[in-house]
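The values are calculated or read from the model by the stated rules, or taken from the named source; none is laboratory data. Computed from a prediction, not measured in an experiment: that's the story for all the values here. Quick reminder, even Gly has a Cβ in these numbers, built from the backbone with ideal geometry, and neighbours come from all protein chains shown. Areas reflect the complete protein model, heavy atoms only, side chains present, ligands, DNA and RNA absent. Shrake-Rupley method; radii C 1.70, N 1.55, O 1.52, S 1.80 Å.
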Amino acid sequence: MIHCDIAVIGAGPAGTVAAAILARCHVNVVIVDPLELSTHKVGESVPSAMAALLSATDFDGLDECHHMPISGSETLWCDERLSQDAFTQPGGMGWRLDRCRFEQQLLTKAMAAGANAHQGRLQAATRQSEQWQLTLDDGQRLQAAFVIDASGRNGALVRLLGVERQTTSPLMAAWSLSEAVKDGHAAVGKTLIESDETGWWYGAQLPSRKWLAIYHTHMPQAKRLRQTDGLWRSQLSDTALISQFIDPSLFDPSALTLSDARGGYLKQAYGDGWAACGDAALSFDPISSQGIFNAMATAHQLATTYLNAQPQEDGLQWQRYQHQLNRIYRAYHQRRQGFYLRAMQHYDSEFWKHQCA
């Protein structure tokens with residue numbers, strides 16, 4: 001039996017930030033995660049505000065040797081072309097992360113602060129006498145006074161607890177990585193976005209010099225793209241904007257991955273002895289490009305709330321945390337609807353109607 005003050009489920013950006021902040025305040029924290037090595041995770045862009053967040057949470061800044069500045073964007077939305085230069089924007093440049101390296105750096109920082117990490121997946125959770133009994137897939141058991149669910153969209157703890165989650169219309173990401181572009185070719189630091197009748201494309205060159213291309217669409221079309229040889233690459237070739245930057249021949253048409261990309265949120269992101277942050281609490285449609293930043297920001301808010309909460313307040317601090325999450329989700333949803341309603345009016349297709357329902 002492992003004993004701790006707080007068990008953090010998930011070693012992504014949300015879990016490691018929460019664990020590090022708490023451990024620095026001498027809270028006994030154990031991070032529970034499969035800790036599996038991954039070659040790539042979708043979601044690698046962060047806004048310019050990330051620099052201030054990293055400073056506020058006492059994490060190292062972003063290093064150009066490993067991460068790539070985002071120089072701007074090229075967008076073709078509803079047949080309207082828009083170019084933006086990050087150098088002229090008030091907030092300055094965002095960053096394209098080496099996601100695996102970034103998450104490993106966060107985990108290392110959390111452990112240096114005093115958090116411990118245990119490899120495993122949460123299988124069961126029960127609460128008795130103000131203590132959680134957590135059972136992992138390896139049979140190991142943890143006892144904790146408080147549990148933080150930072151396990152991503154699937155919400156390992158909140159799913160076991162049966163907490164209600166609201167989601168937007170189903171949206172799938174059909175994505176692939178290209179071969180690395182040969183040395184001597186200039187890196188492209190711009191974000192590429194293009195809409196069409198049944199979805200929208202995202203394209204970006206990663207710090208590895210590989211291209212990432214993602215088509216966001218509904219499940220039937222995503223399945224067709226995976227099951228029909230060459231269809232995804234053919235559709236990429238037909239893009240008016242993105243194909244000007246990305247060579248479709250660099251992609252292996254058989255190496256297509258499907259991921260759930262719809263947004264969602266918990267109506268109640270905290271309860272008796274638990275709270276959720278990051279994608280487990282509220283997840284964004286990729287059109288926002290705010291997933292990693294939001295994960296870390298909400299983790300910071302959750303950890304601060306835990307440290308400041310006083311028993312005599314009868315949950316006031318946690319109510320404020322919930323109100324803050326609600327405010328963030330409303331702002332995100334308004335921005336998403338602005339893009340999607342415009343596309344629905346332009347294309348008048350079933351896909352966009354469903355997205356705006």
Can you list the residues, at least 5 places off or on another chain, whose amide H is less than 5 Å from the amide H of GLY72, using H built in the peptide plane? ALA86, THR191
Rank ASP33, ASP60, ASP285 by mean-square fluctuation in a GNM of the chain with C-alpha springs under 10 angstrom and give only the top-ranked residue. ASP60
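Taking the stretch 51-126 on its own, what percent of its Cα-Cα pair distances exceed 20 Å?
On the way: 1540 of 2850 pairs.
Counting pairs separated by more than 20 Å, the tail of P(r) holds 54 percent.
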Tally up the carbon and sulfur contribution to the accessible surface of the stretch 203-357 as a whole percent, 1.4 Å probe, everything protein left in place. 48
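Taking a cut-off of 12 Å, what percent of all Cα-Cα pairs in the stretch 301-357 are separated by more than that?
Every Cα pair in the stretch 301-357 considered, those over 12 Å come to 71 percent.
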From the residues ASN28, GLN317, ALA213, which one has its Cα farthest along the dipole of the chain in the positive direction, the dipole being from +1 and -1 charges on Cβ of Lys/Arg and Asp/Glu about the Cα centre? GLN317
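Would you kindly calculate the mean projected area, averaged across all directions, of the convex hull enclosing the Cα atoms of the stretch 217-357, in square nanometres?
Working: hull surface 43.6 nm².
Seen from a random direction, the Cα hull of the stretch 217-357 projects 10.9 nm² on average.
So what is the relative contact order of the chain, in percent, for Cα pairs below 8 Å that sit 6 or more residues apart? Kindly include the intermediate steps, with their values, before the conclusion.
Details: 707 pairs, mean separation 74.6, N = 357.
It comes to 21 percent, rounded to a whole number.
Just to be sure I understand: of the beta bridges DSSP finds with both ends in the chain, what percent are antiparallel, rounded to 5?
Restricted to the chain, the bridges split so that about 70 percent are antiparallel.
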Note to self: with every protein chain in place and a 1.4 Å probe, the chain gives an accessible area per residue in Å² of 46
Taking the Cα atoms of the stretch 121-248 alone, what are Rg (to one decimal) and Dmax (as a whole number) in Å? 21.2, 64
Taking just the alpha-carbon atoms of the stretch 3-143, what radius of gyration and Dmax come out, in angstrom? 18.9, 60
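Would you mind checking the pairs LYS41/LYS223; LYS190/LYS267; LYS109/LYS267; LYS210/LYS353; LYS41/LYS190 and listing those with alpha carbons more than 25 angstrom apart? Mind dumping the intermediate values first?
Values: LYS41/LYS223 20 Å; LYS190/LYS267 36 Å; LYS109/LYS267 32 Å; LYS210/LYS353 34 Å; LYS41/LYS190 19 Å.
Check vs 25 Å cut-off fails for LYS190/LYS267; LYS109/LYS267; LYS210/LYS353.
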Check: C-alpha center the stretch 1-61 vs C-alpha center the stretch 119-140, spacing in Å is 20
With all protein chains present, how much of the accessible area of the stretch 44-144 (probe radius 1.4 Å) comes from carbon and sulfur, to the nearest whole percent? 45
Let me check something: with ligands and nucleic acids excluded, how do SER349, SER151 order by accessible area (1.4 Å probe), largest to smallest? SER151, SER349
How far is helix 13-24 tilted off the main Cα axis of the chain, in degrees rounded to 10, range 0 to 90? 30
In debye, nearest 20, what is the charge dipole magnitude of the chain about its Cα centre with +1 on Lys and Arg Cβ and -1 on Asp and Glu Cβ, if you could check? 400
